[in-house]
Amino acid sequence: MWRWSDLLPFDGSADYPLPVGGTPLLVAARLNEWLGLKSLWLKDESRGPSGSNKDRATAITIVDARRKSMAVIACASTGNVASSLAVGAAAVGLTAVLFVSRDGVSPQKERFMRAFGATVVKVRGTYEDAYRLSEAACRTFGWYSRNTGINPLTVQGKKTVAFEIWEQLGRQVPDHVFVPVGDGVTIAALGLGFDELVRCGVADRIPRLIGVQADGAAPLAAAYRSGEQWKAGVANTYADGISVGDPQFGTEALVAVRKSRGEFVTVTDNQMRHAVALLAKCGMLFEPAGAASVAAIIRARAMLIDSGGRTVALLTGAGLKDPRWWPDERGATFEVSPDAELSALEAIGARVRQRMTTNHVVSL
Ligand SMILES: Cc1ncc(COP(=O)(O)O)c(C=O)c1O
């Protein structure tokens, strides 16, 4: 990520020990074939130290915190920001205090955070309640806040993904970028990054940014359609990363999408589950929020086939952190004794033969 230091507020390469950024832009040939798309790329943002695109923002804020001699860094999170901060803080010896919603946080991600020595504060309320409390704690105790919407560096770190996409496509911008949206920082940062490429004179336009929200947590999709301010509501989706009812960076996200002549689409929990399963068939494991972009592309594929443009899906979170989301539809386990009769092995052979014939069946 620090390769782009000329376009960042500072160079943190000497101060941050974990590798961040430089994630691959993949062509999933089987996925393209199933979807009938020729020009779909997957920007795999799950390859950071904690498995999500939050690692870019974590790196830049941690370097800033250390330069300001802060010992404690805090945030509120739906799960991945806190996981990322737990990892980054451990790597440099800072103390991390992580505010999460007691009912919203995945138990596995909470364990993950504690594995890196973080202090987790479970708030008996929503993510928005956790956010308010974390800000109050930062003010009261003088802790460094990594919070989205408060700390302007998060968007600076995250904008570097736009530079990478441009570079990886041979110094060209794509036509569409599909982006999962919770608070809105990721999509606003992409807009900023592409805008900076235009201002540097190396790109002639910004790609259309397509914000993807869950049906049960879609305040920005509704606001974009109505042209009015979003109405804060209670988020209701199992995709925790985008389970946000009152986005902290909503205005900037709406402006970025509008400026790109993009749009917002919503997807159901089932559609995200389906996208996770489809990507698993390609050998890639993402969490539902991370795969929301592909769920939206499945929905919009007729339009994408017609337009024929180059499409990038941002895949924002790895599936490895929470086994509850792993697709369980197709695998099988057999237990046999070392001296198993041939008849026992026959059942295994039958299953393998059946898998060989059905493996390529994909329903969209
Ligand atoms: C996996 C995943 N995807 C997408 C998002 C949404 O990002 P943003 O809040 O920047 O809109 C999050 C946020 O936590 C996330 O964890």
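Values in this text are rule-based calculations from the coordinates and carry no lab data. Just so it is clear, the model here is predicted, and its values are computed rather than measured. Here the Cβ positions follow ideal geometry from the backbone for every residue, glycine too, while neighbour counts run over all protein chains shown.
General observations
- Helical content of the chain, expressed as a calculated mean residue ellipticity at 222 nm, amounts to -12500 deg cm²/dmol (DSSP H runs of 4 or more residues, -39,500 (n - 2.57) each, divided by residue number, nearest 500).
- Legend: P(r) of the chain from all alpha carbon pair distances, 20 Å bins from 0, whole percents, reading 30, 56, 13, 1.
- Highest GNM mean-square fluctuation among 309, 191, 104, for the chain modelled with Cα contacts below 10 Å: 309.
- Burial ranking of peptide ranges 288-294, 198-204 (average Cβ count within 10 Å, highest at the top): 288-294, 198-204
- Computed from backbone phi with θ = phi - 60° and the Karplus coefficients 6.51, -1.76 and 1.60, the 3J(HN,Hα) list for region 70-82 is 7, 9, 10, 10, 10, 7, 10, 7, 8, x, 7, 4, 5 Hz; x is used for glycine and proline.
- Which listed pairs, of 54/231; 68/109; 43/158; 281/321; 43/159, have C-alpha distances above 20 Å, in listed order: 54/231; 68/109
- Against the chain, whose longest principal axis comes from its Cα atoms, helix 127-141 is set at around 40 degrees.
- The distance linking region 268-330 with region 34-80 is 19 Å (Cα centroid to Cα centroid, whole angstrom).
- Residues whose amide H falls under 5 Å from that of residue 214, counting only those 5 or more places apart or on a different chain, are 267, with hydrogens built in the peptide plane.
- Debye log10 I(q)/I(0) for region 30-93, one point scatterer per Cα, at q = 0.20 Å⁻¹: -0.75
- Cα gyration tensor shape for region 76-150, rounded if a/c is under 1.5, else prolate or oblate: oblate
- Cleavage-rule hits, GluC sites (Glu not before Pro), region 193-272, DSSP coil, Cβ neighbours within 10 Å at most 12: 228
- Other-chain or far-sequence residues with amide H under 5 Å of residue 120's (modelled H): 98
- Entry for region 151-200 at q = 0.14, 0.15, 0.22, 0.23 Å⁻¹: log10 I(q)/I(0) = -0.32, -0.37, -0.76, -0.83, Debye formula applied to identical alpha-carbon scatterers, no solvent contribution.
- Anisotropy class of region 1-152 from Cα gyration tensor, a/c 1.5 cut: oblate
- Global form of region 1-60, assessed from the alpha-carbon gyration tensor, a/c cut-off 1.5: prolate
- Contact order normalised by residue count of region 190-283, Cα under 8 Å, 6+ apart, percent: 34
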